[in-house]
Every structure is written in C-alpha cells, then in structure tokens.
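Beneath this line is the structure, given in structure tokens, with notes to follow.
Bear in mind that the values in this text are calculations on the coordinates, not laboratory data. These numbers come from a predicted model, not from an experiment. With ideal geometry, Cβ positions are generated from the backbone for all residues, glycine too; neighbour counts draw on all protein chains shown.
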Amino acid sequence: MVVGADGPAFASVSGEATLQSLVTINDLLARTPADSRDLVAKAYEVAERLHTGQVRRSGEPYINHPLMVAYYLADLNMDGPSIAAGLLHDVLEDTGMTREELAEHFPEPVPSIVQGVTKISRISFQTNRDAQVENLRLMILAMAQDIRVVIVKLCDRLHNMKTLKSMPPEKQIKISEETMDIYAPLANRLGMSRIKSELEDLAMRWILPDDYRRLRELVSTRRAEREAIVEESISFLRNYLGKFFPNLQITGRPKHFYSIFKKMKEQGLSFDQIHDLNALRVICEEENQCYAIMGMIHSVWHPIPGRIKDYIGMPKKNMYQSIHTTVIGYKGVRTEVQIRTRSMHSVAEFGIAAHWKYKEANTELKMDERLAWLRQLTEWITDLNEPSGLLDALKKDVFADRVMCFTPKGDVIELPAHATPIDFAYAIHTRVGDKCIGARINDRMVNLRHRLENGDVVDIITSTMGHPSRDWLDHVVTGRAKQKIKHWLKERNTGEWIESGRRAVVNLLKERNIAVQQGELDAALASILSVYKLQTVNDLLMEIGFGSISAVATVARMNPEWAKPAKRRGARKPGTGEPKKKPASEGSGGIIVDGLDGVPIRLPACCSPIPGDPIMGYVTRGRGVTVHQLSCRTVQRALKDEEEAPRLHAAHWAVGEGRVHPVSLRIVSEDRTGLLNDVSSILSKHNIFIDGCKTKSDHRRGIATLIFDVNVRDVSEVDTVLKAIQQREGTISADRRRRGDSRLS
Ligand code: MN
C-alpha cells in the first residue's frame, strides 16, 4: 500500500517510534509562523521550567509531551497562539501555575485556550450517566468559546494514544474506549479525518487487540503485491491525464485498519473483498477540472453504475467535498477514485483546522465559518446516525430535551427544548427580553412563538416600543423568562399603567364636568370588574392604561349619566340633509349615533372602524347598535335593501379624545435583512404603539409579509404611517387590516 503525502506527525501508526525522540524546540520553531516564533519560544521556556523534574510513565521528560502536541498543531498549520497553548496545555493541571499567572505572561487567547483544554481534560466520560451528560455539555461549551480548544485537545489525545503503551492495561482500555466514543467522532464531525482515522486505529489496537493484529498481518502480507498494482495504475493515469492537466497529484490512498474492519463487519465482506479494491486519489487545481478528469477516467476505465458520488455539488455535513467513482481499472482491478482540488483535499484531511492553513497567522475564522462549525458541534450531539453507543445513550437521555443556539457573535445559549425567541431574549438580558418584538433565525424572520432548534443562530429584534404581554407566558419554557415577564406585568400593574389608566378616566370625567370622589370612582370601577372578567380595580385601570379597554366605554358602563359627552357636534341623517333632532348616544368607542340615546353601541369584528373612518350605525335586532365603516359590506348591503335601510343611522366620532384604537397593518416587502427593524422604527417614529408582530417569509419569491398589531388615535395617523412605509425602499404593499385578522396572506 502506498502511503500518501502524510506529514511526519501523521505517519502511520507504525511510524510512532521514530517520532517521539526526534522533535526538538527548533523543529517546532521552524514550523511556526514567523511572527509567532517569540511567543512559541517563550511558551516553551515557561513550560519546560514548570515541568522540570516531571517525567511521563515511559520515563522520558514530561516536556516531550507538550512539545509533541505543539508540533502536531504546527503540522496542522495552526496559528501561533494555538501552538503556544499546545506547549502550555498541562501547566494549569500539572504544575503550580494559576490562570492569573498565565495571563500575566501570555496574551489572549493563549490563557483562554489553555484553560479550555484543562477543563476538558478534567472530564471523565466513564463516571455515571448524569455526570457524562454534564461533562459533554461542558466540553461543547468550552469548545464553542474557541474552537482552537478542541483542536489542541485532539492533538493532546492523539499523542496520549500514541504513548498508551506505558499505561497500565485497565487505563489503556478506558482511554481507548473514551477515544472511540467521544474524540474520534468529534474529530470526524469537525472534518479532521486524518486525526479521526489515527485515533480509531490507535484505539482499536487496545479495544480489539486480536482483530487488530490479524488485520495488520493481512495488510502486510499483501502489501508488495498491492503496491505494484497501485504504482502501475498511478503511472498510467499520470501519462494519460498529465497531457491535459500538468499539475495533477496522483497518489494511492492509505487505508486505515479500523475503517477496513468496520466495512468488513457492516457489509459482511471478507478482507480480500475489501482490500482488493484499489484506491486512488487525484488532486487537481480547480473544481471544473474534477468533472473533466472523472469523464476522462470513465472513457478508459468502465464506471460501475451507482457508484458515482458527487460530494462537490452536494458537500457532506462536515464540509467534505470530492468526487467518488468506482471503475474497472488497470488490469481489470476494481478501483475507487477520489477526485478533488487541493483546497478540498485540505478540508478533507484537516477539516476545521484547514481554515488556518491558507490564512495568515493569527487570523481568526470568519464569523460565518465559525458558526458553521459550531452548528456541526451541536449536530454531532444530536445526530441519530452517529455510530457511538455512549453518544446514543447520552443524546436520547438528555440532549433530546435541550437545544443549543447561538447569538450572532457565536455565544452559546443553552435552553430547554421547545424554547422560543422570547426565552432566548431573556437568556441574553432582561432588557432584551422586555423589548423584543421578533427574531431572525439563520437569517430568516420568525415570530416570537417560533420553536428554536439545535444550532440556530438567533438574532433578537428589539424595539423601544416593545414590551411583554400576558400571552407571552404561554410561549415560554424557561423559568427565567416566565419570572421576568410576570415581574414586568406586575411592575406595570402597580405602576405607570395604572396611573395612566386612572388619568384617562379622571380626565374624561373632568372633560364632561363630572365631579367624582376617588372613593366613589373606585367603587364604580369595582362594580364593573365582572364585565371584563378582571379581579381588581388596578387590573382594570392597567387595561385602560394599556389602551386595551376604552376609558369612554368604562365610564359609560359605570354610570350611564356619566356617558354624556361635554360637547356634541351637529350631524345629519343619511341622505336627508336635516339637522339632527334627538340627542345622540355616545357609547363605547367615543361614537355618536344620531337619533339614538342610551342604546348600547358595539364595534363589530367585521371592519373595526377607528376615528376618522366614515361610519354608520346599524340597529341590530335586540342587540343595540353596531357601528361599521361606511365601506363595510354589512352597510353596503343594507343600503341596497329597502327593509334594511331604515336600520341605518348616521354616526360620527366624538372629538378630542386621544384614546388609541387597535388596528392591524399588513406589509408585504422584499425579504431583506433589517426589514423588521426598518418597519418598526418607522412606526415608532410616528409614535405608534406596537402590540405585536407576526412575520412570514416566502423564500422562493424572496418576499416577506409582516402583520403589525398597533394602536392608533385615528385614521389619519394610519394613513400617514402607511404612506411612510409605502415610500420605504423594498415595500411592495402596505395596508390596513381588521384587527385580529392576522392572516399573513
Ligand atoms: Mn496532555
């Protein structure tokens, strides 16, 4: 078998003996980015001093271990701080140095990475189930802070696995099982397939010693014969493809013991059936060459149907990209060919670490890349297909009822399952929760009742006009959010809303020249609580203060005598042109209906008129008067009907009230980032109070629909703000909806 272009650190398992003694600090520095050499040299100096006198079980100086870990990191082309952290990764655990001292000597992120690695190292996955879950959670959180933590930890584990020989047998098995259950799948999830394969092979050696030994013998006895075929295939391809693609890199592929073993077991195949498969890899320059090369190979070697896989067009979850095809190859030997570009290869081998490879030293991952990997981490926990018994059990037991989400900056927020953006907002800060009006999840707008899922990136949208409402309590699952919402409601219950509710009632009475003592007023308010199904006078005042119950209606209910408005304007009967003859009634909603006095007035659900709308009273059988918009179908139908027409009465709005009325606004817009913010800031600029908001995105058409439940004083206010929204760039339409009509289409 031909071994590919493996670097010294990742040579096959059998190469380990030569590795440990060869590396020196100078070798390490030679592989360190130039501008980090001072940092790494200093880290070595400090680590060596602190570990002086300590030896590993094998008898060699302890410093060899951190030096090798740092060397693996340098070999992965990791940045200076990661390499320095590799050298220092055991000083907090094994020497007297404290985190504070470390921070005095080294700039961030070195101390944080070291601390993260130390935290993970303290984790034992072999204790009881509950502790395992908590441990895994801690590990994920530590990694999420800085992914370099897990890369350092994987290199640490790799070197410990390579030196497992000197451990007592029970530890060899325990550490190997942990490696197989936790660290190899983790490396796989991060796309670090080389480290994954090495960890698996090393662990298999201790967990399945007999299978391991047998496989190893089988591989070595067949090696010479296999290598000959591989070499001939490579030189054939090189001649054939080289004329068109001069810079191709064609190699045989190292096969890993554990992956052969797994394939044999899973597919019930014999060693010969698997091992007789030739495995080649073609690495080219550009993506489109991959497809051209596949075509050329298929024209000389017949492809086996159903074995072509295009992971370039459809990358794997861990971002692996490559074309796979199986052909009847050179001398009729079945040959598996992988075709990929250099950068795809780098990602395939090193996964997340590849992101440091092509970048200047000290360059951090871009936010979106970082988030992509963070999502990988959370999926790793929840993925049902992960072939690991321990993880399976963990995930079923506990992760089923947790979700891990991220802020746009990548901070982890962990919540119970079924949590909503409201829970998320309160987990960030009370002020964010109190002011949230919506959320963008993975760049899509959602409403506050949306259920969060693992790996969601949640951007909470707040507004100065936003505030909690009672129904939020039905949409939160965290105790914290519940408590904060109740607190807010309670605060308002005894605070400003009650005050403003009382002010509204008192001002209204004053306006009508009605003198009422506070005691008398409170008694009157108490007498109508049952109408609104409320418990206390303060509850009622709060609702009035909120604007959800009208002061005018309340006053009329308390005492019909108080219902008379101070001043009335003249009005006409429809079509007659005559001045009104009877005093008009003024009932709920500050409406005057000509010719009717003391008749209860209701606002119907069908059209919800607001001040300024042309309106018409309609006498219903036994249920008083309903007031509709003139344009409402009920009115229009009645106007055309001889029998119905007499039921209609002219109506108009009482003036000077300053009360607010609920309406809904429906806005259709191009779906762009900041949309919800844009619109809600236009509303608040017009001093319009937002009760709630609902959004829906049509991704196919790139259109979003927003429904805002707002409170307005009159129709001109609605018209002004709708005009402003219509003029906003990206708005397709903006119109008024009946309140409660929250249909999004
Ligand atoms: Mn270590």
- Message: On a 32 Å Cα-Cα criterion, which of the cross-link pairs K42/K162; K153/K316; K510/K694; K196/K243; K153/K696 come out too long?
- Response: K510/K694; K196/K243; K153/K696
- Take D35, project a point 7 Å from its Cα along the Cβ direction, then tell me which residues of the range 42-81 have their backbone nitrogen under 18 Å from it. 42, 77-81
- Message: How charged is the neighbourhood of I25? Take every other residue with its Cβ under 10 Å from the Cβ of I25, and add Lys/Arg as +1 and Asp/Glu as -1.
- Response: -3
- Which residues' amide hydrogens lie under 5 Å from the amide hydrogen of H256, considering only partners 5 or more residues apart or on another chain, with H built in the peptide plane? none
- With charges set only on the Cβ (+1 for Lys and Arg, -1 for Asp and Glu), what does the dipole of the range 218-355 come to about its Cα centre, in debye to the nearest 20? 300 debye
- Task: Could you check the simple spin-label distance between L22 and E104, using points 7 Å along Cα→Cβ, in nm with one decimal?
- Result: 4.0 nm
- Message: Quick check: residue separation of L639 and E170 times 0.36 nm, minus the Cα distance between them. What number comes out in nm?
- Response: 159.5 nm
- Task: Would you work out the charge dipole size for the range 661-737 about its Cα centre, treating the Cβ of every Lys and Arg as +1 and the Cβ of every Asp and Glu as -1, and quote it to the nearest 20 debye?
- Result: 180 debye
- Query: Using modelled amide H (1.01 Å from N, peptide plane; none on Pro or chain starts), what sits under 5 Å from the amide H of G692, excluding residues fewer than 5 places away?
  - Reply: D709
- For H51, what charge total do you get from the other residues with a beta carbon under 9 Å from its beta carbon, if Lys and Arg give +1 and Asp and Glu give -1? -2
- What is the magnitude of the charge dipole of the range 493-563 about its Cα centre, with +1 placed on the Cβ of each Lys and Arg, -1 on the Cβ of each Asp and Glu, and no other charges, expressed in debye to the nearest 20? 140 debye
- Grab the other residues whose beta carbon is less than 14 angstrom from that of Y291, score K and R as +1, D and E as -1, and report the net. -2
- Apply the Karplus parameterisation 6.51 cos²θ - 1.76 cosθ + 1.60, with θ equal to phi minus 60°, to every residue of the range 425-434 and state each ³J(HN,Hα) to the nearest whole Hz, in sequence, with x for glycine and proline. 4, 5, 5, 6, 6, 4, 5, 5, x, 4
- Message: Between K409 and R222, how high is the FRET efficiency from 1/(1 + (r/R0)^6) when r is the Cβ-Cβ distance and R₀ = 56 Å? Nearest 0.05.
- Response: 0.60
- Query: For the range 178-193, what does the Karplus curve 6.51 cos²θ - 1.76 cosθ + 1.60, with θ = phi - 60°, yield as ³J(HN,Hα) per residue in whole Hz, taken in order and with x for Gly and Pro?
  - Reply: 4, 5, 5, 7, 10, 6, 5, x, 5, 4, 4, 4, 8, x, 8, 6
